[in-house]
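Have a look at the structure below before the remarks.
The values are calculated or read from the model by the stated rules, or taken from the named source; none is laboratory data. Given the structure is predicted, the values throughout are model-derived calculations rather than measurements. Reconstructed Cβ throughout: ideal geometry from the backbone, glycine too, with neighbour counts over all protein chains shown. Each accessible area value is taken on the protein alone, full model and side chains, heavy atoms only, with ligands, DNA and RNA left out. Shrake-Rupley method; radii C 1.70, N 1.55, O 1.52, S 1.80 Å.
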Amino acid sequence: MIILDEPYVSPELAAYAAVRQEPVLDNATARTCARDYGAALNLTPEDAFASLCREDAPRLYTCSENALDWVYAHSGNNALVERVRRLKDKAVCRERLAPLYADFFFRQVTLEELAALPFEALKVPCVLKPAVGFFSLGVHRIENAAQWEAAKVAVARDAALWREQYPPEVVGGGRFLLEEYIQGEEYAVDVYYDRQGRAVVCNILRHEFSSDADVSDRLYYTSREIIESRLNEFEAWFNRVNGPLGLRNFPVHVELRRDAGGRIAPIEFNPLRFAGWCSTDVSLFAWGFHSYGCFLEDTRPDWERVLAGKEGLLYTLMVLNKPENCPPVRDFDYDALCRDFGKVLHLRPCDFRRFSHFGFLFTETPADRREELDRIIRSDLTEYIQQE
């Protein structure tokens with residue numbers, strides 16, 4: 001079962017759904033995809049789709065958290081809704097996992113409390129982020145008083161904009177989470193729990209930053225070496241944390257950090273989906289399989305087969321996010337961007353007048369020739385912007 005919703009559905013996902021004839025909720029987005037992509041989707045009326053959702057632990061995939069509004073209001077499955085809420089609300093999720101992380105500091109505050117909270121009340125370094133949110137919206141790393149005051153101003157300014165772009169189920173603008181900064185390498189993992197609650201990892205992406213202060217989503221990459229070195233360790237950790245979470249037949253996109261001593265700590269769990277904006281298709285471009293296909297078909301990736309011959313290669317996902325204080329943009333030179341990379345696998349432009357980024361770029365880069373990645377992670381992309 002699949003719910004397709006704004007802001008974006010990839011043609012790869014639509015084609016997969018059509019070939020498999022997966023039940024797809026009949027909504028405006030699905031009908032648009034069927035028309036624009038020529039996909040013969042198995043459009044299922046709302047009542048019939050809701051009946052499928054009321055099964056015990058239904059196998060439901062959404063490509064966007066915008067779909068959570070429908071799940072809450074129409075699925076009729078209280079257990080499913082509860083599982084979604086306990087992950088989507090970062091404060092609730094932290095409380096659930098607290099027995100496993102007894103020394104971890106976090107604090108929930110309202111927008112009004114945030115405005116009045118002095119820097120001296122913080123335990124730094126820490127991170128400020130919406131209690132309900134995604135896509136690094138409203139995320140600020142705090143180390144000093146100047147950064148704290150700047151973060152409060154930015155949050156107050158941006159909260160109204162988030163409410164215009166996303167429903168409250170996706171970005172809740174009223175509550176925020178302060179939590180200690182988690183040290184270590186950051187990873188984004190697409191994983192699902194099967195009917196018995198066992199974890200199946202479908203892809204692992206290393207999230208790289210330009211500096212300690214960077215919290216953007218610019219660069220992610222996967223490789224044979226990453227999969228082989230982290231797969232078993234991460235699946236064991238996912239099985240451990242599912243004790244307090246209690247997930248079955250459930251896909252999750254998880255961001256986590258692993259420190260030099262091997263301690264793994266979660267940043268956030270994003271329910272009923274894999275990487276947002278259909279960027280989970282990086283598994284198709286890199287490894288040749290649909291990550292959501294693993295979940296919907298209840299299969300495990302054949303890593304030995306798909307990793308063969310992939311030594312020394314990085315498969316990247318780049319979020320072409322706008323620079324801070326972006327000038328008015330008339331056009332973006334996607335051709336020039338692509339010329340700056342040795343092997344572009346796929347380019348996805350987006351409506352940059354409506355959203356906070358110009359699109360997504362997927363590349364293959366030799367690990368020993370990663371200068372193009374080092375350059376793009378530090379770029380503000382203004383060299384590709386044509387101003388109005």
| request: Write out, first by first residue and then by second, each pair whose Cβ atoms fall under 7 Å of each other, whose residues are 6+ apart or on separate chains, and whose first residue, in the range 275-290, is touching a residue at least 60 places away in the same chain (Cβ under 8 Å) and at negative phi while the second is of a type in the set (Asp, Glu) and open to solvent by 10 Å² or more (accessible area, probe 1.4 Å). | output: ASP281/GLU12; LEU284/GLU12
| said: Can you tell me which condition ASP56 does not meet? The list is (1) assigned to a loop (DSSP other than H, G, I, E, B); (2) at pLDDT below 95; (3) surrounded by 20 or more Cβ atoms within 10 Å (Cβ to Cβ), and all the others hold. | reply: (3)
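Out of the residues in the range 59-78 that are small (Gly, Ala, Ser) and in contact (Cβ under 8 Å) with a residue 12 or more places away in the chain, state the one that is surrounded by the most Cβ atoms within 10 Å (Cβ to Cβ).
Just the residues of the range 59-78 that are small (Gly, Ala, Ser), to begin with: 64, 67, 73, 75-76.
Subsequent filtering for residues that are in contact (Cβ under 8 Å) with a residue 12 or more places away in the chain retains 64, 67, 75-76.
On the way: SER64: 22, ALA67: 25, SER75: 22, GLY76: 12.
The selected residue is ALA67.
May I ask you to say which residue of ARG354, ARG369, ARG375 is of a type outside the set (Ser, Thr, Tyr) and either at pLDDT 95 or above or assigned to a strand (DSSP E or B) (or both)? If you could, list the steps in order and put the result at the bottom.
Values: ARG354 fails: either at pLDDT 95 or above or assigned to a strand (DSSP E or B) (or both); ARG369 fails: either at pLDDT 95 or above or assigned to a strand (DSSP E or B) (or both).
It is ARG375.
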| Candidates ALA236, ALA265, ALA260, filtered to the one that is of a type outside the set (Ser, Thr, Tyr), over 16 Å from ARG94 (Cα atoms) and touching a residue at least 60 places away in the same chain (Cβ under 8 Å) | ALA260
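Look through the range 124-146, keep the residues that are farther than 27 Å from PHE355 by Cα and touching a strand residue (DSSP E or B) at 6+ places or on another chain (Cβ under 7 Å), and return whichever of them is surrounded by the fewest Cβ atoms within 10 Å (Cβ to Cβ).
Going through the qualifying residues, I end up with VAL124.
Of the residues ARG107, ARG35, ARG86, which is more than 25 Å from PHE289 (Cβ to Cβ), basic (Lys, Arg), part of a helix (DSSP H, G or I) and modelled with pLDDT under 95?
Unique residue meeting the criteria: ARG86.
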| said: Checking the structure you have, find out if any residue of the range 233-243 is open to solvent by less than 30 Å² (accessible area, probe 1.4 Å), farther than 25 Å from ASP217 by Cα and either touching an Asp or Glu at 6+ places or on another chain (Cβ under 9 Å) or not aliphatic (A, V, I, L, M) (or both). | reply: yes
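Quick one: would you say GLY138 is in a loop (DSSP other than H, G, I, E, B), among the small types (Gly, Ala, Ser) and modelled with pLDDT under 90?
Numbers: in a loop (DSSP other than H, G, I, E, B): yes; among the small types (Gly, Ala, Ser): yes; modelled with pLDDT under 90: yes.
Yes.
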| message | What are the pairs with Cβ atoms under 7 angstrom where one residue, in the range 191-209, is within 16 Å of PRO266 (Cα to Cα) and the other, located anywhere, is among the acidic types (Asp, Glu)? Sequence gap at least six, or different chains. | response | ALA199/GLU235; VAL201/GLU235; ARG206/GLU185; HIS207/GLU186
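Within the range 313-351, work out how many residues are assigned to a helix (DSSP H, G or I), open to solvent by 40 Å² or more (accessible area, probe 1.4 Å) and within 18 Å of ASP281 (Cβ to Cβ). Break it down stepwise before answering.
The first filter runs over the range 313-351 and keeps only residues assigned to a helix (DSSP H, G or I), leaving 334-339.
From what's left, open to solvent by 40 Å² or more (accessible area, probe 1.4 Å): 335, 339.
From what is left, the residues that are within 18 Å of ASP281 (Cβ to Cβ) are none.
Going through the range 313-351 one residue at a time, the tally reaches 0.
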| request: Give the residues of the range 4-53 that are among the charged types (D, E, K, R) and either under 21 Å from the mean Cα position of the chain (by Cα) or open to solvent by 50 Å² or more (accessible area, probe 1.4 Å) (or both), sorted by residue number. | output: ASP5, GLU6, GLU12, ARG20, ASP26, ARG31, ARG35, ASP36, GLU46, ASP47
| query | Taking the condition over 19 Å from SER223 (Cα atoms) and either assigned to a loop (DSSP other than H, G, I, E, B) or open to solvent by less than 10 Å² (accessible area, probe 1.4 Å) (or both), does GLY309 pass? | reply | no
| query | Checking TYR292 against (1) surrounded by fewer than 18 Cβ atoms within 10 Å (Cβ to Cβ); (2) part of a helix (DSSP H, G or I), which single condition isn't satisfied? | reply | (1)
| So ALA121 clears everything in (1) out of contact with any helix residue (DSSP H, G or I) (no Cβ under 7 Å at 6 or more places or on another chain); (2) free of Cβ contacts under 8 Å to residues at least 40 places away in the same chain; (3) open to solvent by 50 Å² or more (accessible area, probe 1.4 Å) except one condition, right? Which one? | (3)
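Rundown of residues vs (1) in a loop (DSSP other than H, G, I, E, B); (2) at pLDDT below 95; (3) within 25 Å of CYS294 (Cβ to Cβ), yes/no style:
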| site | (1), (2), (3) |
| --- | --- |
| VAL9 | yes, no, yes |
| VAL19 | no, no, yes |
| ARG31 | no, no, no |
| TYR72 | no, no, no |
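Return the residues of the range 54-70 that are under 12 Å from PHE250 (Cβ atoms) and either under 19 Å from the mean Cα position of the chain (by Cα) or among the acidic types (Asp, Glu) (or both); say none if nothing qualifies. Give the derivation first.
Residues of the range 54-70 that are under 12 Å from PHE250 (Cβ atoms), as a first pass: 57-62.
Result: LEU60, TYR61, THR62.
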